[in-house]
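What follows is a short report on a single structure.
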Amino acid sequence: MLSDFNFNEINLYTKKIGLPLFRGEQIFDAIYSGKSLEEISNIPKALKDIIINDYPKYKIIKKYTSKDGTQKFIIEFADGNIVESVLMKYRYGYTVCVSTQVGCRMGCKFCASTLNGLSRNLSAGEILGQIVLINRDLGGSKKDRKITNVVLMGSGEPLDNYENVIKFLELISSSKGLNISQRNISLSTCGLVDKIYKLAEEKLNITLTVSLHASCDEKRKKIMPIANQYSISEIMEACKFYYQKTGRKIYFEYTLIKDVNDSKEDIINLTKFLKGFLFHLNIIPLNEVKERKLEGVSRLFAYHFVDELKKHGLSATVRRTMGEDIEGACGQLRNKMLKYKEE
Ligand code: SAH
């Protein structure tokens, strides 16, 4: 698919089919402006017929708007698979939360994205597609970018789709493309330790966010199957390595689940292994997922939890919850394909 290609690769493609150089630029421009093939006005029909099988065919099939202004987009790919992407408006601009896989195979007990397992990985161009389509929906184009920040926190485990995600990061931050600064991109992982080491070597300027959600391995194993593979201390070692290599502060996510990870003892345990390096803890009250029996905590409780963490010298804040009423908040994204097609 042409959206998997960087600027040079597109030019090689057009050269190969015998087109003049400016055609490559036009196609590249159209892809990054989120245009469908029909919408391109400066390319003749005969040429469209030649590239039709390679030109991306993703599209927005539905859009939900939350009370707080957050929007959730249902995006469909050429093979009929769908993912959800979320647009959040902040004071400093627009953030898009992209999905990296259709479904997920990590099996976290509190998350909706993994309920039906993994259907397939998204290609680099399909991850990019979510951003160019939403940018266009906002009235933007390649030259007029409305989106300032990107978070890889939608459905899927980004480091379980490593090569495509790395290629996507190259595409999205390229000065030839949408030119989004790597400093404005966050990648969230449930903690695939081997891949964190690999990512550190890529020397990117992105922010690494790790889903911790527990203060000891026993508790983590109960809610996150990946904890059977890697211990918290192994994750911490990998994070320190990432920090040494990149100089980027590490963010940890800690979703508060009632009677699971919200005790005083959890705070003490967290203090033990978090002290001593540059990090920040994002505390998120669990968002409801109908199929899961786990219960969340009140925001007030979360604020108290953060106060306690701070008393112990940890850097922590409660993450704002956005889009919960449209099932667009953390952990609520899914690929209920049939549902959207029937509505
Ligand atoms: N697979 C990646 C990114 C996707 S989820 C990861 O695990 O980090 C983005 C964040 O939302 C993760 O921290 C995830 O653990 C969290 N999350 C999942 N389900 C949630 C829920 N029901 N309520 C609050 N946060 C949740």
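For the structure I just gave you, tell me whether Lys272 is over 27 Å from Arg183 (Cβ atoms), at pLDDT 85 or above and in the same structural domain as Asn184 (by TED's automatic domain parsing). Taking the combined requirement at face value, the residue satisfies it.
For the range 28-55, a tally of residues being closer than 16 Å to Asn11 by Cα and either in contact with a Ser or Thr (Cβ under 7 Å, 6 or more places away or on another chain) or β-branched (Val, Ile, Thr) (or both) returns 4. Do you know which residues across the range 254-270 are open to solvent by less than 20 Å² (accessible area, probe 1.4 Å) and more than 26 Å from the chain's Cα centre (by Cα)? The answer is Asp266, Ile267. Listed conditions (1) modelled with pLDDT of 95 or more; (2) open to solvent by 10 Å² or more (accessible area, probe 1.4 Å); (3) on the phi > 0 side of the Ramachandran plot are all met by Ser211, apart from (3). Elements of the type helices (runs of 4 or more DSSP H) sitting completely within the range 208-302 and holding at least 3 residues that are out of contact with any Lys or Arg (no Cβ under 6 Å at 6 or more places or on another chain) and under 19 Å from Lys198 (Cα atoms): these cover 232-246. Look at the range 1-27: where a residue is closer than 16 Å to Ser175 by Cα and a partner is acidic (Asp, Glu) and open to solvent by less than 40 Å² (accessible area, probe 1.4 Å), sitting 6+ places away or on another chain with Cβ atoms under 8 Å, you get Ser3/Glu126. In the set (1) of a type in the set (D, E, K, R); (2) more than 25 Å from Thr95 (Cα to Cα); (3) away from the ligand (no atom under 13 Å from the Cβ); (4) open to solvent by less than 60 Å² (accessible area, probe 1.4 Å), the condition left unmet by Arg248 is number (2). When the criteria are applied in full, Lys57 fails the requirement of being touching a helix residue (DSSP H, G or I) at 6+ places or on another chain (Cβ under 6 Å) and either within 30 Å of Leu333 (Cα to Cα) or not assigned by TED's automatic domain parsing to the domain that holds Asp137 (or both).
Scanning for something within 22 Å of Asn116 (Cα to Cα), away from the ligand (no atom under 15 Å from the Cβ), open to solvent by less than 80 Å² (accessible area, probe 1.4 Å) and without any contact (Cβ under 8 Å) to a residue 60 or more places away in the chain, does the range 318-336 turn up at least one residue? Within the range 318-336 (the criterion being within 22 Å of Asn116 (Cα to Cα), away from the ligand (no atom under 15 Å from the Cβ), open to solvent by less than 80 Å² (accessible area, probe 1.4 Å) and without any contact (Cβ under 8 Å) to a residue 60 or more places away in the chain), the answer is yes, since at least one residue qualifies. Annotation: of all residues in the range 81-96 being under 21 Å from Leu169 (Cβ atoms) and open to solvent by less than 10 Å² (accessible area, probe 1.4 Å), the one that is farthest from the ligand (Cβ to nearest atom) is Leu87. Check the range 110-117 and report whether any residue there is among the hydroxyl-bearing types (Ser, Thr, Tyr) and more than 14 Å from the ligand (Cβ to nearest atom). No, because not a single residue in the range 110-117 is among the hydroxyl-bearing types (Ser, Thr, Tyr) and more than 14 Å from the ligand (Cβ to nearest atom). Selection within the range 297-308: residues that are of a type outside the set (Val, Ile, Thr) and open to solvent by less than 30 Å² (accessible area, probe 1.4 Å). The member of this set that is nearest to the ligand (Cβ to nearest atom) is Ala302. Consider Asn269 carefully, then state whether it is of a type outside the set (Lys, Arg), in contact with a Ser or Thr (Cβ under 6 Å, 6 or more places away or on another chain) and away from the ligand (no atom under 15 Å from the Cβ). Criteria met by Asn269.
All of Leu286, Leu314, Leu281, Leu294 fail the test of being within 11 Å of the ligand (Cβ to nearest atom) and surrounded by 17 or more Cβ atoms within 10 Å (Cβ to Cβ), apart from Leu286.
Residues checked against (1) under 23 Å from Leu118 (Cβ atoms); (2) of a type in the set (Asp, Glu); (3) within 14 Å of the ligand (Cβ to nearest atom); (4) outside the structural domain of Val98 (by TED's automatic domain parsing):
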{"site": "Tyr162", "(1), (2), (3), (4)": "yes, no, yes, no"}
{"site": "Ile166", "(1), (2), (3), (4)": "yes, no, no, no"}
{"site": "Asn184", "(1), (2), (3), (4)": "no, no, no, no"}
{"site": "Leu192", "(1), (2), (3), (4)": "yes, no, yes, no"}
{"site": "Leu199", "(1), (2), (3), (4)": "yes, no, yes, no"}
{"site": "Ser215", "(1), (2), (3), (4)": "no, no, no, no"}
{"site": "Phe252", "(1), (2), (3), (4)": "no, no, yes, no"}
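Hey, which of the strands (runs of 3 or more DSSP E) in the range 114-202, taking only ones fully inside, have at least 2 residues that are open to solvent by less than 10 Å² (accessible area, probe 1.4 Å)? Counting at least 2 such residues, we get 147-152, 185-189.
The values are calculated or read from the model by the stated rules, or taken from the named source; none is laboratory data. All figures in this text were calculated on a predicted structure; none of them were measured in a lab. Using ideal geometry, Cβ is built from the backbone for each residue, glycine included, and neighbour counts are taken over all protein chains shown. Calculation scope for accessible area: heavy atoms of the full protein, side chains included, ligands and nucleic acids excluded. Shrake-Rupley method; radii C 1.70, N 1.55, O 1.52, S 1.80 Å.
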